[in-house]
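*Asks:* Can you read through this structure? Questions will come right after.
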Amino acid sequence: MNLLSQLRSRLRRDSDFRSESIVGLRGWRVVLVECKPLLCSLTLPFFWMGHEAAKFRELEPDDIFQCDNRGFHAVKTIDDAVKVFKSYRCSMMGEVWLWGRVDEYEYGYMAEFAYPKTLWPAGTMDPLVVMELEEYYGISADWKSEFGEGSRVS
Amino acid sequence: MDLGKKLRRIRIQPATTPIPKKEPVREPVVPTEEPVKTR
């Protein structure tokens, strides 16, 4: 066995390789930046940009926002998403695409790259802000009873 | 956010990007007809 095949078999043993992104569930805060609503991470001042992958960056040693952060968090089940929604008082929940280096945990994932897939607004969200977010991120929103029905716009 | 015990590391290189394409910006329609002159 040559060195290359040894490396390949070691990598296969250590991690799985896939060509399909994983879908997780997560929450955001909705923050107005220059009158434009943006999704913001719950524990860090990280803004998610439209049509750009959110890329995880290592925290600098002198970063003032020190926390246990090893990637973009997402949970696996709607029950855990409801727990996140309540404990972090999220204004937006939703599905999120995860790819790159993804660590799988019992109840969720931590990923290197992420992009929102579907938005589930909290019932208190202004429908016009939700429509702006849909347009900016190029994805659709759906009101779910788990997060409050909210006002529907037809 | 407690995610529990770490199970494994997965490396994902998606065949197609999950990021939606931007809608092309529509150019404003310029009227081609001469405006009707009024007295």
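The values are calculated or read from the model by the stated rules, or taken from the named source; none is laboratory data. Treat the numbers as computed from the prediction; the structure is a model and nothing was measured. Cβ sites come from the backbone with ideal geometry, for glycine too, and all protein chains shown count toward neighbours.
*Asks:* Which members of segment A:39-59 meet the condition of being in contact with a Leu (Cβ under 8 Å, 6 or more places away or on another chain) and closer than 21 Å to A:A122 by Cβ?
*Replies:* A:L39, A:F47, A:W48
*Asks:* Within segment A:26-67, track down each residue that is at pLDDT below 85 and either closer than 19 Å to B:I19 by Cβ or loosely packed, with under 10 Cβ neighbours inside 10 Å (or both).
*Replies:* Across segment A:26-67, the qualifying residues are A:R57, A:E58, A:E60, A:P61, A:D62, A:I64, A:C67.
*Asks:* For segment A:94-110, enumerate the residues that are crowded, with 23+ Cβ neighbours inside 10 Å and more than 8 Å from every other protein chain (Cβ to nearest Cβ).
*Replies:* Across segment A:94-110, the qualifying residues are A:G94, A:V96.
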